[in-house]
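First comes the structure, then the notes that go with it.
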Amino acid sequence: MGAIKAAIGDAVFTSMWVFCGSTLEALTSVIASAIGVQGMAALFITTVLNFILLSVFSVIGDALGGASSSPTGTAAFYVAGIGNDSLYSMALRFPAQVSFYSIFFSV
């Protein structure tokens, strides 16, 4: 049952991450035009927004029981023996993480 909860948490977390991450460029444009900057200052705005997004999502991932949106990280930690994932939980978590990337980025 824990593996199913982890897969559901990963699916929810990944869908939120992909949706919010895809709005970074639009949000940067809005903020940059509102304060009247461009060039390297806009890159700084993107960096700050990314820092905020990663900080918020690390708290959300912990609240969802250690959910992750990175199938590469999950697989690497399993192979290294770090964490308490089994092969069964990996078989459930990996498709839950990858499916939302393929749905959002195939358009």
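The values are calculated or read from the model by the stated rules, or taken from the named source; none is laboratory data. If you're wondering where the values come from, they're calculated on a predicted model, not measured in any experiment. Neighbour counts are summed over all protein chains in view; Cβ atoms, including those assigned to glycine, are modelled from backbone coordinates with ideal geometry. Please note that ligands, DNA and RNA were not included when accessible areas were found on the heavy atoms of the full protein model with its side chains. Shrake-Rupley method; radii C 1.70, N 1.55, O 1.52, S 1.80 Å.
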*Whole number in Å², please: accessible area per residue of the chain, 1.4 Å probe, ligands, DNA and RNA not counted.*
64 Å²
*How far, in degrees from 0 to 90, does helix 2-21 lean away from the longest principal axis of the Cα atoms of the chain, to the nearest 10?*
10 degrees
*Figure the gain on full extension for residue 53 and residue 26 (residue separation times 0.36 nm, minus the Cα-Cα span) and round it to one decimal in nm.*
8.3 nm
*asked:* Helix 71-80 against the longest principal axis of the chain: what's the angle in degrees, Cα atoms only, rounded to the nearest 10?
replied: 50 degrees
*Could you list, bin by bin from short to long, the percent of Cα-Cα pairs of the range 1-61 in 5 Å steps?*
4, 17, 22, 18, 14, 10, 7, 4, 3, 2, 0
_Spelling out what I want: for every residue of the range 37-50, take phi, set θ = phi - 60°, compute 6.51 cos²θ - 1.76 cosθ + 1.60 (Karplus), and round to whole Hz; glycine and proline get x._
10, 7, x, 5, 5, 5, 5, 5, 4, 4, 5, 5, 4, 5
*Would you compute, from DSSP H runs of 4+ residues alone, the mean residue ellipticity of the chain at 222 nm, taking -39500 (n - 2.57) per run and dividing by the full residue count, rounded to the nearest 500?*
-26500 deg cm²/dmol
_Under 25 °C and 0.890 mPa s, how fast does the chain diffuse according to Stokes-Einstein, given a Kirkwood radius computed over C-alpha pairs? Answer in µm²/s, whole number._
162 µm²/s
*Sorted by average packing, counted as other Cβ atoms within 10 angstrom per residue and highest first, what order do 55-67, 27-39, 9-21 take?*
9-21, 55-67, 27-39
*For residue 38 and residue 98, FRET efficiency with R0 = 25 Å and r from the beta-carbon atoms, rounded to 0.05?*
0.10
